[in-house]
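Only one structure is covered here, and it is reproduced in the block below.
Read-outs throughout are calculated quantities, based only on the coordinates presented, and are distinct from any laboratory measurement. Remember, predicted model here, so these are calculated numbers, not experimental data. For neighbour counting, all protein chains shown are included, and Cβ atoms are generated from backbone atoms with ideal geometry for every residue, glycine included.
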Amino acid sequence: MTTHPAIELAGLTKRFGDVVAVDSIGLEVGVGELVSLLGPSGCGKTTTLNMVAGFLDPDAGDIRLHGQSVADRPPHKRNSGMVFQSYALFPHMSVFENVAFGLRVRRLPKAEIERSVHEALAMVRLDGLHDRSTQQLSGGQRQRVSLARALVYQPDVLLLDEPFSNLDAKLRVAMRAELVEIQRRAQVTALFVTHDQEEAMHISDRIVVMNAGRIEQIGSPTDVYRRPESVFVADFLGEANLVEGRIAAATAETATVETADGLQFRAETTKPWSNGDACWLMVRPEHLVVCADTDPAPANRMHGTVKSHAFLGSAHIVQVEAAGRDWSLKLSDSEWTPVAPGDDVAIGWNAPDCVVLNA
Amino acid sequence: MRVRWGSFWLAMAAFAAMGFLIAPLVMVVAISFTSSQLLRFPPEGFSLRWYYALIDNPQFIEAAWTSFQLAVACSIVATLIGTTAAIAIYRYRFFGRNAIYLLLLSPLMLPQLILAIALLIYLSRAGLPGSFLSLLIGHVLVTLPFVVRLVLVGLERIDPNIERAAAVAGATRFEVFFRVTIWLIFPGMFAGAAFAFIMSFDNIVVSLFFTTSRMVTLPVEIYEYLEYADDPLITAVSSVVILLIVAMLLVIEKTVGFTKSFTAVEHG
């Protein structure tokens, strides 16, 4: 017996006129996994989700849920649950009736509906609010009702379309942890669409980074952040210092990157490079350090001038001009040695902390 | 300060305009209590003689009953046709969609007189001269544009994700419509029905062509009475109608929320 992935997209394509919104993407999501589709607006992530839900017909390719092709099925025959950014609650129904909706159209017995709705409301910590009108609820409560409504009939997949974008910043972060907990407990496979990289990193088992209708990279949050495979992914996930150059020397594990103005940086790499390959070097701001002259020198080191400094509470953001370009440093408050604009400093980073990317 | 004076004058202007609109109604009600024979303002003395006279003229009560039945029928038929038409126009892209939309709205732009003459010729050839049915057809025709417009506005306000949420949760298209959509457009449908009722009850131009000696609507009855008599009886009829309509609006306001339906339609 073979086990099928919960969601399987194969060569999925959608065109709007001349624009290819989703360009032949392939993806497998395992049972119980939470996978995010992450990308800027217009990258095709929402179009992909709408095809999985059945609101849009794909122009090519297939969608399989637990091994069954659903591409020809209308939304109501896919046994999926969906949570929308706009909550999309039924305004003429109470909280209870909103959650009960999926069970009522499934013609379940009254007692079972009653029991399941109360269980679902307890799961999203809204027990006791079942009599309320949805207009009396806060944004966070509304989104929890919508989550309960989507989970109460035990769907095969849970689809979430930027569900927290309408909430204020603090609540948004709190809801992330809650969503992960609820999703684990419900043991439901989830496909989560977002443009917020921090949100995707916080909740996902795996992240699918999308750009211009294609998948740029699929991997765990650690993978896509630490080992991006393209300049786009490096730049889209968090901050990145990016330097263009060519490979000056390469071994199996290391590469030396030379910039147009003759600077050389050393990096560790797992990819085979040949001399002369065009490439980009990427270092995260938090991997750059200000180093005193007495420190054991990091592999890569430069002198420069501090241009600006900002304190963000947990970290300091420092802009340093060195080797003809600006470098962004993110320094934790606990390791902070004061610098001021105009100071001459040495900055550097270790070879394993930077990534060489294809140009 | 300028702003305050500005809003003061604006308020005064609004009250003046309202006074100008309501004054004739107040005059009609005042004259209905006159003790004189003359249709003249200000009224002389105070009496209920014209209300007693009204009871002695059953044709007015009969006409009012006809008008009421017609208005109810018209508002039901116009709401059913108008709602389904609005949904088809909003949801589907089909050949002739714009043409149908403009045709449905055209009674708003055409003079009712022309519409009524055309309809009279058409219905006579179809073997339907003056009758309740031909009155109903005429009234539905002139009230339909309002229902279509109001329901369309209601449809445009719906967050499409609400219907999608219902579909994903397992509702068929039929269930989505009857469990969700219809409740979301209810304010628009209700406002349309109310509009159709009032416009039908009030209509005279179309009615004139289709009333018979046995089937007369109230506005036509009043109009015909005025042709040969000019006593204050007519003001008593009008006052009763005003009272009934105000009472109806109050009941609707208390039960369904009339202003709510309209503001929901207007503001979204």
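Taking the longest Cα principal axis of chain A as reference, the axis of helix A:110-123 is set at about 20 degrees.
For the range A:313-359, what log10 I(q)/I(0) values come out of the Debye formula at q = 0.15 1/Å, with one point per alpha carbon and no solvent? Log10 of I(q)/I(0), two decimals: -0.50.
Using a Gaussian network model of chain A in which every pair of alpha carbons under 10 angstrom is joined by a spring, one finds that among A:Gly32, A:Gly42, A:Gly128 the greatest mean-square fluctuation is at A:Gly128.
Can you give me the relative contact order of the range A:269-359 as a percent, contacts being Cα pairs under 8 Å and 6 or more apart? Across the range A:269-359, relative contact order equals 43 percent. Please work out whether the range B:1-125 counts as rounded, prolate or oblate from its C-alpha gyration tensor, where a ≥ b ≥ c are the square roots of the eigenvalues and a/c under 1.5 means rounded, while otherwise a/b larger than b/c means prolate and anything else oblate? Oblate, since a/c reaches 1.5 and b/c is not below a/b.
With a/c under 1.5 counting as rounded, go ahead and sort the range A:62-201 into rounded, prolate or oblate using the C-alpha gyration tensor (a ≥ b ≥ c being the square roots of the eigenvalues; past the cut-off, prolate if a/b is larger than b/c, else oblate). Oblate, since a/c reaches 1.5 and b/c is not below a/b. Starting from a Cα-only point model with no solvent, please compute log10 I(q)/I(0) by Debye for chain A at q = 0.10 1/Å. So the normalised log intensities are -0.74.
Taking chymotrypsin sites (Phe, Trp or Tyr not before Pro) in DSSP loop conformation with at most 10 other Cβ atoms inside 10 Å as exposed sites, chain B has its longest uninterrupted site-free stretch at B:96-268. About the centre of its Cα atoms, chain B shows a dipole size close to 1100 debye [charges on the beta carbon of Lys, Arg (+1) and Asp, Glu (-1) only; nearest 20 debye]. Charged neighbours of B:Leu105, selected by a Cβ distance under 14 Å, balance to +2 (K, R count +1; D, E count -1). To the nearest ten degrees, helix A:95-104 and the longest principal axis of the Cα atoms of chain A are 70 degrees apart. Taking only the alpha-carbon positions of the protein assembly as shown and ignoring solvent, what does the Debye formula give for the base-10 log of I(q)/I(0) at q = 0.09, 0.10, 0.11 Å⁻¹? One equal scatterer on each Cα of the protein assembly as shown leads to -0.92, -1.02, -1.12.
Positive end of the dipole of the range B:48-267 (Cβ unit charges, origin at the Cα centre): among B:Ala171, B:Thr181, B:Phe209, the Cα lying farthest that way belongs to B:Ala171. Per residue of A:81-93, other chain Cβ atoms within 10 Å of the residue Cβ number 5 on average. Here the label points at A:Asp261 and B:Leu226, each 7 Å from Cα along the C-beta direction, are separated by 9.1 nm in the simple model.
Taking the range B:48-267 on its own, what percent of its Cα-Cα pair distances exceed 29 Å? Walk me through the numbers on the way to the answer.
Working: 8857 of 24090 pairs.
In whole percent, the long-distance tail amounts to 37.
Can you give me the span-like helices of chain B, meaning DSSP H runs with 27 Å or more of Cα extent along the axis and Kyte-Doolittle mean at or above 1.6? Going by DSSP H runs, the hits are B:2-31, B:132-157, B:233-255. Between A:Asn275 and A:Ala122, the modelled labels are 7.1 nm apart [label points 7 Å from Cα along Cα→Cβ]. Residues whose amide H lies under 5 Å from that of A:Cys354, counting only those 5 or more places away or on a different chain, are A:Glu268; hydrogens are built 1.01 Å from N in the peptide plane.
Residues with beta-carbon under 15 Å from that of A:Glu244, excluding A:Glu244: net charge, scoring Lys, Arg +1 and Asp, Glu -1?
Within the 15 Å Cβ shell, the charges total -3.
The trypsin sites (Lys or Arg not before Pro) found in the range B:68-129 that occupy coil by DSSP, while having at most 14 further C-beta atoms within 10 Å, are B:Arg93.
Could you give the angle, 0 to 90 degrees to the nearest 10, between helix A:139-151's Cα long axis and the longest principal axis of the Cα atoms of chain A? On a 0 to 90 degree scale, this one is about 60.
The mean number of partner chain beta-carbon atoms within 10 angstrom of a residue's beta-carbon across peptide A:143-149 is 1. Which entries of A:Lys45/A:Lys307; A:Lys110/A:Lys170; A:Lys45/A:Lys77; A:Lys271/A:Lys307; A:Lys170/A:Lys330 show an alpha-carbon separation above 30 angstrom in the structure shown? Beyond 30 Å: A:Lys45/A:Lys307; A:Lys110/A:Lys170; A:Lys271/A:Lys307.
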